[in-house]
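Working notes, structure below.
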Amino acid sequence: MAGDEAMIVDWPLPASDGENGGFWTSARRGVLSIQSCVSCGRLRHLPRPMCPWCRSLERTWTAVSGTGKVWSYVVPHPPLLPAFAPLAPYNVVVVALAEDPSIRLVGNLVSSVDGAINEVTVDEHTIGLAVRAVFAPMADDVALVRWMPF
């Protein structure tokens, strides 16, 4: 497990089944993938069975560059979930993907691949900061997407 998170016992981890399964399967392999429409080719997130643009039910998972820019951020004081209390304060960033800035993913800004979610101070955050996805294994079947400046 990454950083200090190994000490956290009751983390709420995402379900990796159903429509979002491809996202989590790719993350475990260290690849950022976004659902896309086979018919019109548009990327979409959150994953869903029907394309909101052309209404096709044909979908696939497309590997993307894993790069983007910080669109927004917040530092929760105190955290909303009790499991994260020992790590507070920590950052949460919203990243607009390079391939489609309307697609935004949430994660933590870290300074190293295996960094803790609370290692970057609020003074180090900048809207527009260029970041790349890194992956933190949290369980046998879950790797969380985090963001590192580059």
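Matching residues to (1) of a type outside the set (V, I, T); (2) closer than 25 Å to D123 by Cβ:
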position	(1), (2)
S39	yes, no
R42	yes, no
P49	yes, no
A63	yes, no
V70	no, yes
P76	yes, yes
V92	no, yes
V95	no, yes
D100	yes, no
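The residues of the stretch 115-131 that are crowded, with 16+ Cβ neighbours inside 10 Å and either modelled with pLDDT of 95 or more or farther than 22 Å from N20 by Cβ (or both), listed by number, are G115, A116, N118, E119, V120, H125, L129, V131. Pairing each residue of the stretch 119-132 that is closer than 16 Å to R146 by Cβ with any residue that is at pLDDT below 90 and outside any loop (DSSP other than H, G, I, E, B), provided the two are 6+ apart or on different chains, yields C-beta distances under 8 Å for E119/G3. Flag: T67 does not match the condition of being β-branched (V, I, T), more than 15 Å from the chain's Cα centre (by Cα), within 24 Å of G21 (Cα to Cα) and buried (at least 16 other Cβ atoms within 10 Å of the Cβ). Do we find that Y73 is of a type in the set (F, W, Y), closer than 19 Å to A130 by Cβ and in contact (Cβ under 8 Å) with a residue 24 or more places away in the chain in this structure? Criteria met by Y73. What do you reckon, is F135 of a type in the set (F, W, Y), over 20 Å from H45 (Cα atoms) and surrounded by 17 or more Cβ atoms within 10 Å (Cβ to Cβ)? Considered against the rule, which asks whether it is of a type in the set (F, W, Y), over 20 Å from H45 (Cα atoms) and surrounded by 17 or more Cβ atoms within 10 Å (Cβ to Cβ), F135 comes out as no. All conditions but one from (1) surrounded by 16 or more Cβ atoms within 10 Å (Cβ to Cβ); (2) over 20 Å from T126 (Cβ atoms); (3) of a type outside the set (K, R) apply to L105; the one that does not is (2).
The values are calculated or read from the model by the stated rules, or taken from the named source; none is laboratory data. None of the values given here were measured: they were computed from a predicted structure. Here Cβ is always computed from backbone atoms with ideal geometry, including for glycine, and neighbour counts include all displayed protein chains.
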